[in-house]
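Asks: Below is one structure. I have some questions about it.
The values are calculated or read from the model by the stated rules, or taken from the named source; none is laboratory data. This is a predicted model, so every value here is computed, not measured. For neighbour counting, all protein chains shown are included, and Cβ atoms are generated from backbone atoms with ideal geometry for every residue, glycine included.
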Amino acid sequence: MPVAWKTPAGATLTQRVHRAATTIRRHIEHEILGPAKLTLTSYEILHTLWIQGACPPADIIRITGIRAPTVSEAASRLVSDQLVTRRVNARDARSYRLQLTPAGRRLVGRLVKDIEVDEAEVLDGLSAEALTAAKALLDHLQPGAAGPNTGVVEETGSADSNQASA
């Protein structure tokens with residue numbers, strides 16, 4: 001993964017996390033999602049639907065932290081691209097659920113695998129202890145990101161195990 005810029009020695013932890021996240025985001029959007037004409041936001045929506053199954057936009061907002069107008073706009077593009085469908089609630093036409101189409105399911109399954117391969121290459125050389133410490137640090141920086149009553153599925157295995165449950 002190319003380095004976006006050199007982090008100064010005196011950078012705060014917040015600056016380092018932000019720069020690392022920006023570098024990773026740019027790389028994933030350009031190298032993996034770009035050919036599929038997706039943004040990381042669109043991918044996050046597809047991935048959430050892949051893990052959670054059909055759900056209302058409010059669930060996607062709660063799980064991902066993506067703002068409501070952004071979810072609405074991205075969902076419209078995903079519907080237009082035939083990767084997602086909107087299923088209107090029969091009792092209340094104002095509400096709907098988003099659901100992956102077969103094409104959306106195939107695409108996100110492929111992208112998850114591509115991202116896993118890319119991540120393995122980037123993290124190659126780090127010890128299991130360093131990876132565990134990094135995950136613990138990131139979880140600490142994002143309290144409540146996974147766990148009871150958050151609606152977030154904790155990481156329990158590979159994409160294949162998640163796909164089977166979708």
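Asks: Find all pairs meeting these conditions: Cβ atoms under 8 angstrom apart; at least six residues apart or on different chains; first residue within the range 94-109 and farther than 18 Å from R77 by Cβ and free of Cβ contacts under 8 Å to residues at least 60 places away in the same chain; second residue of a type in the set (S, T, N, Q) and outside any helix (DSSP H, G or I).
Replies: Pairs found: S95/N89.
Asks: Could you list all residues from the range 48-62 that are in a helix (DSSP H, G or I) and either surrounded by fewer than 21 Cβ atoms within 10 Å (Cβ to Cβ) or among the acidic types (D, E) (or both)?
Replies: Across the range 48-62, the qualifying residues are I51, Q52, P57, A58, D59, I61, R62.
Asks: Could you tell me whether the range 58-79 includes any residue that is touching a Gly at 6+ places or on another chain (Cβ under 9 Å) and more than 27 Å from Q142 (Cα to Cα)?
Replies: Let us first name the residues in the range 58-79 that are touching a Gly at 6+ places or on another chain (Cβ under 9 Å), namely 59, 62-63, 78.
Still in the running and more than 27 Å from Q142 (Cα to Cα): 78.
Yes, that holds for at least one residue.
Asks: Among the residues of the range 48-65, are any at positive phi and either free of Cβ contacts under 8 Å to residues at least 12 places away in the same chain or not hydrophobic (A, V, I, L, M, F, W, C) (or both)? Give the steps one after another, and end with the answer.
Replies: Applying the first criterion (at positive phi) to the range 48-65 yields 53, 65.
Imposing the further condition that a residue be either free of Cβ contacts under 8 Å to residues at least 12 places away in the same chain or not hydrophobic (A, V, I, L, M, F, W, C) (or both) reduces the set to 53, 65.
Yes, because at least one residue in the range 48-65 is at positive phi and either free of Cβ contacts under 8 Å to residues at least 12 places away in the same chain or not hydrophobic (A, V, I, L, M, F, W, C) (or both).
Asks: Look at the range 63-87 and say how many of its residues are surrounded by fewer than 15 Cβ atoms within 10 Å (Cβ to Cβ) and outside any helix (DSSP H, G or I).
Replies: Here the count works out to 5.
Asks: Please indicate, with yes or no, whether at least one residue in the range 89-112 is outside any helix (DSSP H, G or I), under 23 Å from I32 (Cα atoms), at pLDDT 95 or above and not aliphatic (A, V, I, L, M).
Replies: Within the range 89-112, one or more residues are outside any helix (DSSP H, G or I), under 23 Å from I32 (Cα atoms), at pLDDT 95 or above and not aliphatic (A, V, I, L, M).
Asks: In this structure, is A11 more than 23 Å from V108 (Cβ to Cβ), of a type in the set (G, A, S) and either assigned to a helix (DSSP H, G or I) or modelled with pLDDT of 95 or more (or both)?
Replies: In short, no.
Asks: Could you tell me how many of the residues in the range 88-125 are over 20 Å from R26 (Cα atoms), surrounded by 11 or more Cβ atoms within 10 Å (Cβ to Cβ) and not hydrophobic (A, V, I, L, M, F, W, C)?
Replies: 10
Asks: Next question. For A130, work out the one condition from (1) loosely packed, with under 12 Cβ neighbours inside 10 Å; (2) at pLDDT 85 or above; (3) of a type in the set (A, V, I, L, M); (4) under 23 Å from V79 (Cβ atoms) it doesn't fulfil.
Replies: Answer for A130: the failing condition is (4).
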